[in-house]
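First up is the structure itself, then whatever we jot down about it.
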Amino acid sequence: MKFGVQVNLYRVPWQDIVASVRTMEEGLWNSIWFADHHIPPGGGGDDIEESKNAFEGLTTIAAVAGMTKRLQLGNLVLGNTYRNPAHTALIAGTIGAISHGRFTLGIGAGWYEREHEAYGWHFPIMKERQDRFEEACELIRLLFHRQEPVDFQGKYYQLQHAQISPANYESSKPIPILVGGTGPKRTLRTLARYGDVMNLDGWEGGGLELEYYKFKSRVLERHCEQCGRDPKEIRRTITMPCLITDDKARSEAMIAEYGNGTVAGPVQYVIDRIGGFKDAGVDEIMFGYLPTGNCDVLELFEKEIIKAFL
């Protein structure tokens with residue numbers, strides 16, 4: 001079992017992000033992840049909230065690649081609606097090269113309407129966002145997996161004899177594509193066709209019940225069967241809002257705020273919940289909610305949780 005953290009980029013100073021990165025690099029952590037929003041989520045148009053720090057996802061990853069030698073790197077997740085997929089693939093290839101192959105490209109269909117409004121980006125209806133996303137994933141996979149120039153004529157994106165270089169740090173190991181979301185009809189089908197990593201987000205409506213994960217896995221496997229893909233090729237991961245505490249009231253308050261996908265409680269409870277997912281085939285847990293810059297919390301998770309799975 002591998003463990004990472006989705007480190008918060010919003011309403012925090014840069015030095016707190018650096019502190020988290022350095023503690024994780026020196027510790028037992030396997031990976032570090034960053035979201036991708038251009039204004040702090042939840043600002044709702046409030047000038048004071050939206051003026052607070054919102055570090056950009058890809059430039060942050062590039063900086064962290066230069067600060068680390070061991071940690072795997074990725075975004076949970078980039079928004080396709082405000083990123084041209086071919087340009088995103090080019091940036092990913094560069095980050096993959098400077099990190100010596102430690103980068104996973106995490107991308108989703110986009111959801112935060114307010115940031116589109118703020119920056120003047122078109123925010124399509126859900127169907128169009130899903131159509132664009134599926135087309136983008138197909139295009140990106142072609143650029144990562146082909147050694148020759150790519151021609152692509154989609155409804156939304158076109159390429160004419162385009163080739164990214166560097167595309168991959170090692171030609172035999174294309175950059176993995178993490179598909180954000182687990183919508184059963186479209187998103188998991190896109191994952192089956194073009195992705196390499198499934199991520200069940202604990203903030204989803206179904207939460208992190210084991211049976212919910214198993215249901216999503218079965219849907220993915222059906223899509224894989226329909227498109228002729230071995231589901232074992234797709235790595236399974238979970239983003240888990242998590243809190244270690246013996247204080248029941250504190251656990252309940254966090255669950256009330258962040259939803260039923262939150263895993264909050266004593267150490268053994270957290271270990272047991274993770275163990276159930278491990279037995280079901282989950283390869284990696286990315287913890288969320290851990291306060292950025294609080295190295296004591298990172299070290300507590302290393303001591304109490306990560307070591308239990310070594």
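Name the residue that is nearest to GLY79 (Cα to Cα), counting only residues in the stretch 113-150 that are outside any strand (DSSP E or B) and aliphatic (A, V, I, L, M).
ALA136
Any chance the stretch 179-192 includes a residue that's without any contact (Cβ under 8 Å) to a residue 60 or more places away in the chain, assigned to a loop (DSSP other than H, G, I, E, B), in contact with a Lys or Arg (Cβ under 6 Å, 6 or more places away or on another chain) and under 22 Å from ASP36 (Cα atoms)?
yes
Are any residues in the stretch 55-96 buried (at least 18 other Cβ atoms within 10 Å of the Cβ) and over 30 Å from HIS122 (Cα atoms), and if so, which ones?
Once the filter is applied, which keeps residues that are buried (at least 18 other Cβ atoms within 10 Å of the Cβ) and over 30 Å from HIS122 (Cα atoms), the stretch 55-96 yields VAL64, ALA65, THR68, LEU71, GLN72.
For the stretch 202-310, please list each of the helices (runs of 4 or more DSSP H) lying entirely inside it that holds at least 1 residues being at pLDDT 95 or above, out of contact with any Pro (no Cβ under 6 Å at 6 or more places or on another chain) and surrounded by 16 or more Cβ atoms within 10 Å (Cβ to Cβ).
Hits in the stretch 202-310: 210-227, 267-279, 295-304.
At pLDDT below 95 and more than 30 Å from ARG273 (Cβ to Cβ), is that true of GLN158?
Against the criterion (at pLDDT below 95 and more than 30 Å from ARG273 (Cβ to Cβ)), GLN158 does not qualify.
Residues to consider are GLY288, GLY276, GLY265, GLY281; find the one that is closer than 24 Å to SER20 by Cβ, touching a residue at least 24 places away in the same chain (Cβ under 8 Å) and of a type in the set (Gly, Ala, Ser).
GLY288
Return yes when LYS155 is free of Cβ contacts under 8 Å to residues at least 24 places away in the same chain, of a type in the set (Lys, Arg) and in a loop (DSSP other than H, G, I, E, B) and no when it is not.
No: the conditions fail for LYS155.
Filter the stretch 12-54 down to residues that are touching a residue at least 60 places away in the same chain (Cβ under 8 Å) and of a type in the set (Ser, Thr, Tyr) and give me whichever is surrounded by the fewest Cβ atoms within 10 Å (Cβ to Cβ).
Among residues in the stretch 12-54 that are touching a residue at least 60 places away in the same chain (Cβ under 8 Å) and of a type in the set (Ser, Thr, Tyr), the one surrounded by the fewest Cβ atoms within 10 Å (Cβ to Cβ) is THR23.
Looking at the stretch 161-175, is at least one residue surrounded by 21 or more Cβ atoms within 10 Å (Cβ to Cβ), within 21 Å of TRP111 (Cβ to Cβ) and within 17 Å of the chain's Cα centre (by Cα)?
No, because not a single residue in the stretch 161-175 is surrounded by 21 or more Cβ atoms within 10 Å (Cβ to Cβ), within 21 Å of TRP111 (Cβ to Cβ) and within 17 Å of the chain's Cα centre (by Cα).
The values are calculated or read from the model by the stated rules, or taken from the named source; none is laboratory data. Keep in mind that this is a model prediction, so the values were computed, not measured. Cβ sites come from the backbone with ideal geometry, for glycine too, and all protein chains shown count toward neighbours.
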